[in-house]
Each structure stands twice: as structure tokens, then as C-alpha cells.
1. In region 514-527, what residues are part of a helix (DSSP H, G or I) and open to solvent by less than 30 Å² (accessible area, probe 1.4 Å)?
2. From (1) modelled with pLDDT of 60 or more; (2) in a helix (DSSP H, G or I); (3) more than 22 Å from residue 74 (Cβ to Cβ), pick out the condition that doesn't hold for residue 110.
3. Looking at region 28-43 only, could you name the residues that are assigned to a helix (DSSP H, G or I) and touching a residue at least 12 places away in the same chain (Cβ under 8 Å)?
4. So, in region 281-307, how many residues would count as being touching a residue at least 12 places away in the same chain (Cβ under 8 Å) and closer than 13 Å to residue 326 by Cβ?
5. If we keep just the residues of region 528-571 that are in a loop (DSSP other than H, G, I, E, B) and small (Gly, Ala, Ser), which is nearest to residue 483 (Cα to Cα)?
6. Take residue 507 and tell me if it is open to solvent by 60 Å² or more (accessible area, probe 1.4 Å) and either within 21 Å of residue 287 (Cα to Cα) or not in a strand (DSSP E or B) (or both).
7. Tell me, yes or no, whether region 364-379 has at least one residue that is closer than 26 Å to residue 322 by Cα and either at pLDDT 95 or above or of a type in the set (D, E, K, R) (or both).
8. Take the conditions touching an Asp or Glu at 6+ places or on another chain (Cβ under 9 Å) and over 24 Å from residue 422 (Cβ atoms) and apply them to residue 352. Does it pass?
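The values are calculated or read from the model by the stated rules, or taken from the named source; none is laboratory data. Remember, predicted model here, so these are calculated numbers, not experimental data. Every residue, glycine as well, gets a Cβ built from its backbone with ideal geometry; the counts of neighbours run over all protein chains shown. When the accessible area is computed, the model is the full protein with side chains, heavy atoms only, and any ligands, DNA or RNA have been set aside. Shrake-Rupley method; radii C 1.70, N 1.55, O 1.52, S 1.80 Å.
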Amino acid sequence: MKRIKLGDALVEKGLITQEQLQEALAKGKMTGKRVGAILVEMSLVTEQEIVRVLAEQLNVPQIDLSHYLIEPTTVKLIPEHVARRHQLIPINKVGNKLTVAMVDPLNILAIDDVALMTGLIVKPVIVTSKDLNQALDEAYGDASKADSLMDEIGDIGDSGDIEEELSGELGENDAPIIKLVNLVISQAVGKGVSDIHIEPFEKELRVRYRLDGVLSVDVKPPKKAQAAITSRLKIMADLDISEKRLPQDGRIKIKVLSKTIDLRVSTLPCTWGEKIVMRILDQSSLKVDLGTLGFEPVTYERFKVGIAHPYGIVLITGPTGSGKTTTLYSALASLNKPSTNIMTAEDPVEYQLPGINQVQCRADIGLTFAAALRSFLRQDPDIIMVGEIRDFETAEIAIKASMTGHLVLSTLHTNDAPGTIGRLLNMGIEPFMITSAIILIQAQRLVRVICKDCKTEYRGGREIRENFGITEQLLAHIDLKQVDANNFRLYKGAGCDTCGGSGYKGRIGVYEVMIMTENQKTLILRGGSVSDITTLARKEGMLTLRESAIRKSLVGVTTVDEVIRVTSGGH
């Protein structure tokens with residue numbers, strides 16, 4: 001496209017008339033201002049319209065900075081005074097390329113300055129000056145805030161001094177430790193992090209964030225601040241700050257970025273002090289819609305049929321952080337009707353669900369899962385959800401409840417769906433009770449989703465075909481008959497601004513749903529092994545976790561690396 005002057009482009013687009021342009025040009029000669037700024041002052045066009053036209057004319061991407069969370073390490077590549085002078089901000093670094101948001105992407109001097117200063121190839125994108133100035137305030141504010149807090153902490157003295165300060169009556173802004181803790185939490189919420197880990201070692205203290213299931217180091221506060229940070233978080237979570245030898249659990253409820261956030265806090269005594277892990281529970285981010293969780297079509301139908309039963313047990317299995325709670329809540333949301341009495345026993349209650357009676361279990365006062373279940377049976381329930389089956393007593397009561405006309409949903413920690421049978425037998429549950437009560441067992445994991453903005457495809461080679469066992473039989477089993485076993489495509493993320501260079505954005509579930517059929521019941525009663533149960537389940541249409549993940553890689557949802565990371569090699 002041939003480039004023309006901004007004013008002529010605005011006339012060509014019909015945003016202003018030729019007369020209005022001439023008037024603006026005349027004012028520009030008198031004031032020395034740019035024609036674009038004058039047209040905005042005259043209320044003839046908006047800044048967004050000018051940026052849109054410029055982006056089209058210059059063939060430079062236009063972005064909305066409100067959608068970007070800029071890493072403090074990226075911000076530090078360019079000093080604040082340089083960024084403000086040239087009206088730009090670095091937003092992402094991938095390899096030797098630095099993406100820089102600019103009000104004027106034609107400012108070659110500014111681009112050369114940044115390239116010389118950073119030693120990187122500069123890739124400009126265009127933004128409005130209003131968005132840029134707001135981003136500059138926020139980004140350099142946070143970066144300088146973190147640095148100044150570290151400096152303040154360094155000047156206070158040893159950790160004992162800080163801890164003594166915090167144990168007294170302090171205002172919210174009176175101690176740098178309080179500000180640092182608030183900054184760590186607010187940055188985590190802004191990034192969409194699921195967990196914050198604060199870990200003490202011999203010579204350092206580090207903070208790690210878990211984003212999309214993967215941990216990475218964020219900041220390393222001074223070691224001398226360790227006791228103070230621990231004390232501050234214990235005070236916030238209403239824990240005993242003097243108890244350092246035993247694990248403790250608590251909760252923090254705070255308002256961050258205009259959202260009310262619950263933090264589930266766990267402390268654990270380690271060699272060099274107490275490790276603290278905070279699980280972020282954001283009510284606004286909870287998606288309770290079964291259709292969006294990532295079920296394969298056949299698996300989704302099997303699960304829906306299972307939870308539609310009037311009585312029996314549905315078990316969700318998987319490790320911590322595999323999305324079991326979200327699946328349970330989504331199932332309850334789909335079953336929640338005014339005509340149905342739903343009761344849950346949870347430890348802790350992670351999210352509040354309207355119309356459902358939720359009970360917070362507390363083992364320290366005797367309100368265990370088993371005790372809550374006994375009380376539920378006197379409350380005329382239709383559907384019962386038990387947060388977790390941890391012992392024989394809870395399992396036995398849940399099974400008996402399911403055999404007396406109640407639908408029971410719960411979770412169990414096992415590696416796969418067939419392995420759940422062995423786990424229940426080891427708990428002491430009789431085989432006839434298992435076969436009478438269980439409707440279905442679902443195992444699940446979470447895989448990272450390929451970023452849509454930088455998704456690329458490539459051909460799958462012989463090594464992948466052999467490692468994954470991709471044959472015509474497997475493709476038929478996972479309902480992908482249209483894919484050629486000898487010539488198939490795979491996908492990955494190249495890394496871009498949207499995903500912060502990782503190639504991934506968000507997570508989705510992979511599922512293994514085993515229906516308790518008559519054949520399965522017979523096999524279990526005869527003492528069949530877990531391997532026999534798995535073989536029969538696959539014959540009857542079950543997709544294993546591995547097969548579910550392979551299917552997602554072949555349809556372009558996730559990558560081969562994620563399949564290998566999250567699932568085991570067998571079928």
C-alpha cells in the first residue's frame with residue numbers, strides 16, 4: 001500500500017473533510033503542533049481513529065496496552081526517562097527481539113536509541129498516547145516500587161528487627177514488608193497466577209509463581225526479610241506467629257485490582273525456615289460450564305449420562321491442581337435446580353455456589369467429612385458432594401448414602417480411573433459395594449493450550465508416530481478417522497507478546513471416563529486386576545488420559561511436549 005500523509009488518509013477514510021484538514025494545517029503552522037493532535041483538540045477525530053489509520057498506513061500492528069501485563073524485567077531494559085522522552089515502552093522480549101509500544105513508530109531516532117541501549121532488534125507497535133502514559137505510570141511505578149522496597153528492607157537491619165516491628169500495631173503503609181507482601185500478591189493476581197510459593201533456603205529467599213501449571217521464579221527478597229514476610233502473612237491469615245515447628249493452614253480475604261480474592265494459605269516448617277504456599281481463589285475466574293472444560297465429544301456424553309443418574313457415586317480422580325474442584329462445581333451447577341436439594345462437605349469451601357448448601361469441614365472440632373455426611377442424611381438431600389474421600393469411614397458412608405437413593409459426587413487421589421478400584425479395595429471397601437454404588441470414575445489432568453496468536457503447524461515425524469503409537473486403530477478409537485496415520489500435522493506456539501514468549505495461553509482438561517458396565521462389575525467381583533479393568537474399559541470405548549491428550553495435540557489444542565509432560569506412556 002502506498003503511504004500518504006495522515007491528514008490525506010483521514011480525508012480518504014471519510015473521517016474529516018478537506019476543509020477541516022486545511023483549517024487544522026493552518027493551526028499547525030501557527031502553533032507548531034502536529035496535525036493529528038490539532039484534529040483531536042478540534043474534536044473532529046478521536047486518538048483511537050488516528051492510531052487505527054496510522055497502523056494501516058504504516059503496516060504496523062496496533063495494540064491495546066490494557067491487555068498486556070508487562071514483566072518488571074522487561075521494563076528495566078529501558079530507563080524511565082528514556083521511555084517518557086521518546087513516548088514508548090518495552091512490552092515483551094523473545095530471543096533477540098524486543099517489542100516496543102510507541103506513539104510514533106516512525107521515530108527512527110527513538111528506535112535506534114533503544115536498539116543501541118539494549119543490543120536487541122526493535123519491533124515497533126503503535127498505541128494511543130493516553131494508553132501509553134497510563135502504562136508508563138503503572139509499569140515503572142511497579143518496577144521502581146519493588147526496587148525501592150528492596151532498598152528499604154535492606155536498610156532496616158536484621159530480620160529480628162523487622163519481625164519486632166511487624167508484631168506491633170502498624171498502619172497499612174508503615175512498613176516496607178507490608179508493601180512488598182501486597183505487591184507480590186497483587187502482581188500474582190494481575191498475571192492470573194494460581195499459586196504463590198515463598199521458599200527459604202540457606203542463603204536466599206525466593207518467590208515463585210505457578211502460571212498455567214508451571215512454576216517460575218519471580219522475585220528474590222533479601223534473606224533478612226524472611227522472618228518478617230512469614231510473620232506478615234501469618235498475621236493476615238490469622239495464624240499463630242509464634243508457632244514455627246508445626247504446619248498451619250489459614251485463609252486471607254483481600255481486595256486486589258477491584259476484585260475480592262481468597263487466598264488459601266499453608267505453612268510448612270523446612271530446614272531453613274517456613275515455606276508458605278498461597279492458592280489464589282478468584283470467584284470471578286471460575287467457569288462452571290461443563291461444555292468449556294475440554295471434554296472430547298464421546299467423553300462428554302458419557303460424563304453427562306453418569307451425573308444424570310438419580311443415585312450412585314461419581315468419582316473424580318487426579319493429583320492436586322488437576323482441576324477436580326472445577327469439574328465437580330461444573331457438574332453441580334448443571335444439576336442445580338429449585339427442585340433439588342444439593343449439599344456439599346468441603347475442606348475448604350473454595351467458591352460459593354448460589355442455591356447450594358455448602359459446609360466447611362473442620363477436623364479440629366470433629367466436623368470431619370464422615371460427620372458431615374451423617375448429618376446430611378438427616379437433611380433430606382437429593383445430591384451430596386464430598387470434597388474428598390480420604391479414609392474407610394468416609395468411603396463407607398458415601399457408598400451407603402449412594403445405595404439409599406442419593407447421588408454422591410466426590411474426589412479421590414489416584415493416577416487413573418481403573419486404579420481407583422484398587423484404591424477402594426485397599427481402603428477395605430467390599431467388591432460388591434463398589435460394583436453396586438459406582439456409576440462412573442473420571443481421571444483428569446490439565447494441559448497447557450497453544451497460544452492462538454502465534455500458533456504454527458508442522459508435520460509429525462516417524463519418531464512421534466512410534467512413541468505415541470499413532471495407528472489407524474488408535475485414530476479410529478479417538479474418533480479422528482479423517483487424520484492420516486502416516487502424514488499428520490502437529491502444532492506449537494512460536495512465542496509472542498500475548499503469551500509472553502511461552503507459546504501457551506491458558507489450560508484445558510484431558511479426561512478418562514470409565515463407566516461401570518455389567519462386564520466391569522463381573523470382572524471386579526471375580527478379582528480382575530487393574531490392567532484387566534483398563535483393557536476392558538478401552539474395549540468399551542474409554543479414552544485413556546494419554547489418548548485424550550494425543551487427540552488434543554492432533555486437533556491443535558496442545559503440543560506434543562505437553563502430552564509427554566502430563567501423561568504416562570501407556571494406553
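1. The first filter runs over region 514-527 and keeps only residues part of a helix (DSSP H, G or I), leaving 518-525.
The answer is 520, 524.
2. (3)
3. Restricting attention to region 28-43, the residues satisfying the condition of being assigned to a helix (DSSP H, G or I) are 28-31, 35-41.
Selection gives 35, 36, 38, 39.
4. The total comes to 12.
5. Pass one, region 528-571, residues in a loop (DSSP other than H, G, I, E, B): 528-529, 540-544, 555-559, 567-571.
This time we only want the ones that are small (Gly, Ala, Ser), so: 528-529, 541, 556, 568-570.
Values: 528: 35, 529: 34, 541: 19, 556: 12, 568: 23, 569: 21, 570: 21 Å.
Of everything passing the filter in region 528-571, 556 is nearest to residue 483 (Cα to Cα).
6. Yes; evaluated as a whole, the condition is true for this residue.
7. No, region 364-379 contains no residue that is closer than 26 Å to residue 322 by Cα and either at pLDDT 95 or above or of a type in the set (D, E, K, R) (or both).
8. Details: touching an Asp or Glu at 6+ places or on another chain (Cβ under 9 Å): no; over 24 Å from residue 422 (Cβ atoms): yes.
No.
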